[in-house]
Amino acid sequence: MAVRVRVATAADVPACVELGARMHRESPRFSRWPWDADKVEALADRVVDDGVFVVADDGNRLVGFALGV
């Protein structure tokens with residue numbers, strides 16, 4: 001499977017929020033705290049325009065992301 005890393009767009013935000021929710025549920029540490037999809041979506045929307053936000057996709061779906069403010 002070839003994975004491509006690229007700059008994220010606003011269209012990637014919903015998939016990143018879902019992927020983040022999956023990672024949150026699987027985390028022994030972070031799953032103890034509540035997940036707030038609206039808060040994560042708002043952060044991602046802000047960072048896509050004014051930050052560093054990249055996604056990794058395999059041609060069919062997102063398989064990872066990284067962001068920074």
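The values are calculated or read from the model by the stated rules, or taken from the named source; none is laboratory data. Predicted model only: the values in this text are computed from it and were never measured. Glycine gets a Cβ as well: all are built from the backbone with ideal geometry, and neighbour counts include every protein chain shown.
Would you point out which residue out of Val54, Val40, Val47, Val17 is among the β-branched types (Val, Ile, Thr) and touching a residue at least 40 places away in the same chain (Cβ under 8 Å)?
Working: Val40 fails: touching a residue at least 40 places away in the same chain (Cβ under 8 Å); Val47 fails: touching a residue at least 40 places away in the same chain (Cβ under 8 Å); Val17 fails: touching a residue at least 40 places away in the same chain (Cβ under 8 Å).
The unique qualifying residue is Val54.
Checking each residue in the range 31-44 for being surrounded by 13 or more Cβ atoms within 10 Å (Cβ to Cβ) and in contact with a helix residue (DSSP H, G or I) (Cβ under 8 Å, 6 or more places away or on another chain) picks out Trp35, Ala37, Val40, Glu41, Ala44. Only one of the numbered conditions (1) surrounded by 13 or more Cβ atoms within 10 Å (Cβ to Cβ); (2) farther than 14 Å from Thr9 by Cβ; (3) touching an Asp or Glu at 6+ places or on another chain (Cβ under 9 Å) is violated by Val48, and that is (2).
Does Glu18 fit the bill of being surrounded by 10 or more Cβ atoms within 10 Å (Cβ to Cβ), charged (D, E, K, R) and modelled with pLDDT of 95 or more? So Glu18 passes the test.
Taking the range 57-69 as the range and being in contact with a Gly (Cβ under 7 Å, 6 or more places away or on another chain), of a type in the set (A, V, I, L, M, F, W, C) and loosely packed, with under 15 Cβ neighbours inside 10 Å as the test, only Val69 passes.
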